[in-house]
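Remarks on the structure that follows.
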Amino acid sequence: MNNPDLILFSKQPVAGQVKSRLHGVYGPQRAAEIVAFCIQRTVELAVASWPGEVHLYGWPDAGHELYVRLAAAFPIHLGRQSGGDLGEKMARALQQGVARAGAAAVMGCDVPHCPGAALRQAHDALASGKNVIGPTQDGGYYFIGLQRVSVGLFTDIPWGGPAVLERTLARAAEQAMEFVRLPQLRDLDRPEDLRAVAASYPPLAQFLQAEPSR
């Protein structure tokens with residue numbers, strides 16, 4: 001059995017450059033703090049729940065002080081996302097992970113509330129030779145794990161739109177690829193996402209306190 005790699009994808013939490021849909025309520029600086037919180041919590045989750053190696057791939061590089069601090073505090077490996085669109089970045093990262101470990105997964109840092117049991121389920125499925133995908137409520141996915149990388153899964157996909165998962169699964173079906181599905185989660189893109197998730201994930205409540213009166 002393989003012991004698959006988990007590759008976490010994140011963008012440097014720089015004010016004004018992340019989570020533009022949160023700016024209207026929280027402002028650019030607070031939005032960047034929310035992103036930093038999500039990155040740290042996702043690293044903590046991965047280290048606690050994933051039996052294999054954990055990598056944190058940053059964009060545009062892994063030199064941000066948060067990444068450096070996390071690498072000093074946790075047993076993770078830092079890396080840089082490749083160029084291109086999101087599909088090209090994920091395909092390249094997965095190719096690297098498969099080459100290292102025989103199977104690999106990419107996970108975004110927008111779901112720090114992901115249950116640890118879901119990650120352990122994903123690892124076990126990958127280790128036993130299966131592919132894995134974790135859907136999001138907005139029609140995308142927060143996790144994809146593969147035994148081999150088919151670039152066709154990542155090309156001509158309308159990234160950020162509501163048809164990402166549907167299009168990806170259709171491409172997979174054309175290649176007779178099947179996926180184990182993880183629980184559907186709500187990623188943290190908009191103020192209403194934060195409010196909804198905070199109801200069952202209390203650590204997010206600290207950010208709701210910063211919302212202006214309605």
(request) Give region 46-74 a look and list any residue that's touching a strand residue (DSSP E or B) at 6+ places or on another chain (Cβ under 7 Å) and either among the aliphatic types (A, V, I, L, M) or farther than 14 Å from residue 12 by Cβ (or both), or say none. (result) 46, 47, 50, 52, 53, 54, 55, 56, 62, 70, 71
(request) Scan 68, 106, 132, 111 and give me the residue that is within 24 Å of residue 183 (Cα to Cα) and free of Cβ contacts under 8 Å to residues at least 60 places away in the same chain. (result) 132
(request) Output the number of residues of region 1-32 satisfying the condition of being touching a Phe, Trp or Tyr at 6+ places or on another chain (Cβ under 8 Å), buried (at least 19 other Cβ atoms within 10 Å of the Cβ) and part of a helix (DSSP H, G or I). (result) 1
(message) Looking at region 92-131 only, could you name the residues that are more than 18 Å from residue 48 (Cα to Cα) and crowded, with 22+ Cβ neighbours inside 10 Å?
(response) 93, 94, 97, 103
(request) Just name the residue that is farthest from the chain's Cα centre (by Cα) out of those in region 153-162 that are surrounded by fewer than 16 Cβ atoms within 10 Å (Cβ to Cβ) and either at pLDDT 95 or above or under 23 Å from residue 96 (Cα atoms) (or both). (result) 156
(message) So residue 122 passes all but one of these: (1) in contact with a strand residue (DSSP E or B) (Cβ under 8 Å, 6 or more places away or on another chain); (2) under 24 Å from residue 66 (Cβ atoms). Which condition number does it fail?
(response) (2)
(message) Based on this model, can you work out whether residue 105 counts as more than 24 Å from residue 37 (Cα to Cα) and of a type in the set (Gly, Ala, Ser)?
(response) no
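The values are calculated or read from the model by the stated rules, or taken from the named source; none is laboratory data. Computed from a predicted model, the values in this text were never measured in an experiment. All Cβ positions, glycine included, derive from the backbone under ideal geometry; neighbour counts span all protein chains shown.
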